[in-house]
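Below is one structure; the comments refer to it alone.
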Amino acid sequence: MNSIYTERQRFNQWWVWLIIIGINVISIAVSWQSISSHGLNFSNTFRLAITFLILVFFLCLKLETRINNSGIEVRFFPFHLSFIKISWNDIASVEVRTYSPISEYGGWGIKYGAKAGKAYNVSGNKGIQLQLKDGSKLLIGTNKEEEVAKVLKSLQQ
């Protein structure tokens, strides 16, 4: 099914990348110092491999949202290899809203709020709030709140 709306997001907060780069620099420096004095060993190799894997993991993370005539699809790669499809028939209500990532969900990523339900978000404080007919809630973060609001409005008419 052709998408009416598509959005791809990645972690782009400067402080996230500062932490990741800082960890990488420290790990490489410690490994380099250890390699200089003790030579290459399992501990150094393991430390460098884990550091590299963390960097690759964060580079691979992406949140994808698609809206089409049959519903809303979301995928948080690499946790979801295929899209989670939510049919319009399963949605009681949908709106774009401002939320508090920290107080409602405990931050960004795949999160569960006690009252707020599940959230998929990578940045910002705007999201597509779904109230499902089974009583559950899902919030999908967006950086294009005006564009997605127009698309949702056009589909509700």
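The values are calculated or read from the model by the stated rules, or taken from the named source; none is laboratory data. Not measured: the values here are computed from a predicted model. Positions of Cβ are backbone-derived with ideal geometry, glycine not excepted, and every protein chain shown enters the neighbour counts.
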Of all residues in the stretch 94-109, which are at pLDDT below 95 and exposed (fewer than 14 other Cβ atoms within 10 Å of the Cβ)?
SER100, ILE102, SER103, GLY107
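Hey, could you check the stretch 49-93 for residues that are of a type in the set (S, T, N, Q) and more than 20 Å from the chain's Cα centre (by Cα) and say which is surrounded by the fewest Cβ atoms within 10 Å (Cβ to Cβ)? Step through it out loud before you land on a result.
Here is the first cut: in the stretch 49-93, the ones of a type in the set (S, T, N, Q) are 51, 65, 68-70, 82, 87, 89, 93.
With the extra rule that they be more than 20 Å from the chain's Cα centre (by Cα), the set shrinks to 51, 68-70, 87, 89, 93.
On the way: THR51: 19, ASN68: 17, ASN69: 10, SER70: 12, SER87: 11, ASN89: 8, SER93: 11.
The qualifying residue surrounded by the fewest Cβ atoms within 10 Å (Cβ to Cβ) is ASN89.
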Tell me which of these VAL148 doesn't satisfy, since it passes every other one: (1) in contact with a Phe, Trp or Tyr (Cβ under 9 Å, 6 or more places away or on another chain); (2) under 19 Å from ILE102 (Cβ atoms); (3) aliphatic (A, V, I, L, M).
(2)
Residue, farthest from PRO78 (Cα to Cα), within the stretch 118-136, restricted to residues that are surrounded by fewer than 17 Cβ atoms within 10 Å (Cβ to Cβ) and basic (Lys, Arg)
LYS133
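Can you pull out the residues in the stretch 15-36 that are loosely packed, with under 11 Cβ neighbours inside 10 Å and either modelled with pLDDT under 75 or in contact with a Pro (Cβ under 8 Å, 6 or more places away or on another chain) (or both)? Outline the logic, then answer.
Applying the first criterion (loosely packed, with under 11 Cβ neighbours inside 10 Å) to the stretch 15-36 yields 15, 18, 22, 29, 36.
Answer for the stretch 15-36, where residues must be loosely packed, with under 11 Cβ neighbours inside 10 Å and either modelled with pLDDT under 75 or in contact with a Pro (Cβ under 8 Å, 6 or more places away or on another chain) (or both): TRP15, SER36.
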Contact list please: Cβ distance under 7 Å, first residue in the stretch 70-99 and among the polar types (S, T, N, Q), second residue assigned to a strand (DSSP E or B), pairs at least six apart or on different chains.
SER70/SER87; SER82/ARG75; SER87/GLY71; SER93/GLN131; THR98/LYS126
Sole exception among (1) of a type outside the set (A, V, I, L, M); (2) closer than 14 Å to GLN9 by Cβ; (3) loosely packed, with under 13 Cβ neighbours inside 10 Å for THR45, by number
(2)
Could you count how many residues in the stretch 9-62 are farther than 19 Å from GLY107 by Cα, β-branched (Val, Ile, Thr) and without any contact (Cβ under 8 Å) to a residue 24 or more places away in the chain?
9
